[in-house]
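> Below is a structure I'd like to ask you about.
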Amino acid sequence: MQPLKWEYRPDGLRAPALICAFKGWNDASDAASSAISFVGAALGARRFATIDPEEFYDFQTVRPRIKLINGQTRKIEWPELELYEARVPRAPRDLLLLTGNEPSMRWRTFTKVIVELAEALGAQLVVTLGALLADVPHTRPVSVTGLASDAALVSRLSLAQSSYEGPTGIVGILHSACSEGGLPSASLWAAVPHYIAGTPNPKAALALVRKLEALVGVAVDASELENAAADYERQVNAAVQSDPDVQAFVERLEQATGVDPDDQAGPLPSGETIARDLQRFLRQRGPDDPPQHPSV
């Protein structure tokens, strides 16, 4: 059984780029999945295919869900990967978007399916999006690191070349499969603060969108995401300023970036404690609450 399920086959695509993002290990604070979902919505993307989950998911890890239709009929919703097309007439290219949960198994088979799909649809570039936890403060611009099959591309986009070594996810495997198959590819990674990992991070999603725009030459109206990023920063600032220990922790991270070199002695709470306190504070506040400074 072929895992790729066509709803229709796009034709007439102009120099398409395939953009991929996966929920899960590669998606700290939902930054990558939020970025690709925003781009798809902004460009009016249409779904043209899905990938059958049977071969690629452990359903005890990524469980199917039951949904009630009209409060009566029960429907099983299986985890799946979806493929969309976005026609962008005023841009130099169109986009293909692949989104869904990170597959659990058979990654080499899975990435072969994606590379063959990209080649069949004439994709000239594959871009993977990811987000990782890092010792970075929320007050600084989001760092986006990247790698590409063309070193000149990394230089042109002013990306900090990734020096990561260690475990990888499907994003790293797909980028490698594209390189091995001779398909031009790039991978963009946003660094998000580890102490607020449980909170969706629209600021990091916005940084990925902006780098993606520069990479593929397709612009989107990101005003909605810009507003969400500003609200996010106000909320986190309120949480930080409400507790001197939390504020000192963030100041230490700021100093580590080379800003404000004066060091402050004294013990600080652990990153786990900071994360727990901040996330509890943010859960207690609605998205429209003004940025006051109550106690955590």
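> Using modelled amide H (1.01 Å from N, peptide plane; none on Pro or chain starts), what sits under 5 Å from the amide H of Leu81, excluding residues fewer than 5 places away?
Under 5 Å from the amide H of Leu81 lie the amide H atoms of Ile51, each far enough along the sequence or on another chain.
> In nm, what is the difference between 0.36 nm times the number of residues separating Arg87 and Arg234 and their Cα-Cα distance?
Values: separation 147, 0.36 × 147 = 52.92 nm, distance 3.51 nm.
Additional length available on full extension: 49.4 nm.
> A further question on this structure: Would you pull out the residues with amide H under 5 Å of Cys20's amide H, same chain only if 5 or more places away, H placed 1.01 Å from N?
Leu98, Val127, Thr128, Leu129
> Let me ask you something else. Compare the Cα positions of Ala134, Gly169, Pro200 along the charge dipole of the stretch 117-204 (+1 at Cβ of Lys, Arg; -1 at Cβ of Asp, Glu; about the Cα centre) and return the one farthest towards the positive end.
Working it through, the farthest residue towards the positive pole turns out to be Pro200.
> Next question. I need the phi-derived Karplus couplings for the stretch 141-147: 6.51 cos²θ - 1.76 cosθ + 1.60, θ = phi - 60°, integer Hz, Gly and Pro marked x.
Using θ = phi - 60°, the values come out as x, 6, 7, 10, 9, x, 9 Hz.
> Now for a separate question. Please work out how much length the chain gains when fully extended from Glu116 to Lys5, using 0.36 nm per residue of separation minus the C-alpha to C-alpha distance, in nm with one decimal. Walk me through the intermediate numbers first.
Numbers: separation 111, 0.36 × 111 = 39.96 nm, distance 1.37 nm.
Net length gain for the segment: 38.6 nm.
> Something else: Evaluated at 10 °C with a viscosity of 1.306 mPa s, what Stokes-Einstein diffusion coefficient in µm²/s does the stretch 81-153 have when Rh comes from the Kirkwood expression over alpha-carbon pairs? Mind showing how you got there, number by number?
Working: Rh = 15.4 Å.
Once the numbers are plugged in, D ends up at 103 µm²/s.
> Got a sec? Which residues in the stretch 114-135 would a label at Ala256 touch, if it sits 7 Å along Cα→Cβ and we count backbone N under 19 Å?
Within reach of a label on Ala256: 131-135.
> Now for a separate question. Restricting attention to the stretch 6-49, which chymotrypsin sites (Phe, Trp or Tyr not before Pro) occupy a DSSP loop and are surrounded by at most 12 other Cβ atoms within 10 Å?
Of the chymotrypsin sites (Phe, Trp or Tyr not before Pro), the ones in loops of the stretch 6-49 whose Cβ has at most 12 other Cβ atoms within 10 Å are Tyr8.
> Residue by residue through the stretch 22-32, which ³J(HN,Hα) values in whole Hz follow from phi under the Karplus form 6.51 cos²θ - 1.76 cosθ + 1.60 (θ = phi - 60°), with glycine and proline marked x?
10, 6, x, 4, 7, 10, 4, 6, 6, 5, 5
> At 7 Å along Cα-to-Cβ for each site, give me the label-to-label distance between Ala41 and Asp221 in nm.
Each label point is offset 7 Å from its Cα along the Cβ direction, giving 1.4 nm.
> Okay, moving on. Obtain the nm distance between the two label points defined at Ala248 and Asp58 by a simple spin-label model: each point lies 7 Å from its Cα along the Cα-to-C-beta direction.
Going from the Ala248 label point to the Asp58 one covers 4.2 nm.
> I need the phi-derived Karplus couplings for the stretch 53-62: 6.51 cos²θ - 1.76 cosθ + 1.60, θ = phi - 60°, integer Hz, Gly and Pro marked x.
Karplus-based 3J(HN,Hα) across the stretch 53-62 equals x, 4, 7, 10, 10, 8, 6, 7, 8, 10 Hz.
Just so you know, all these numbers are worked out from the coordinates, no wet-lab data involved. Since we're looking at a predicted model, the values are computed, not measured. All Cβ positions, glycine included, derive from the backbone under ideal geometry; neighbour counts span all protein chains shown.
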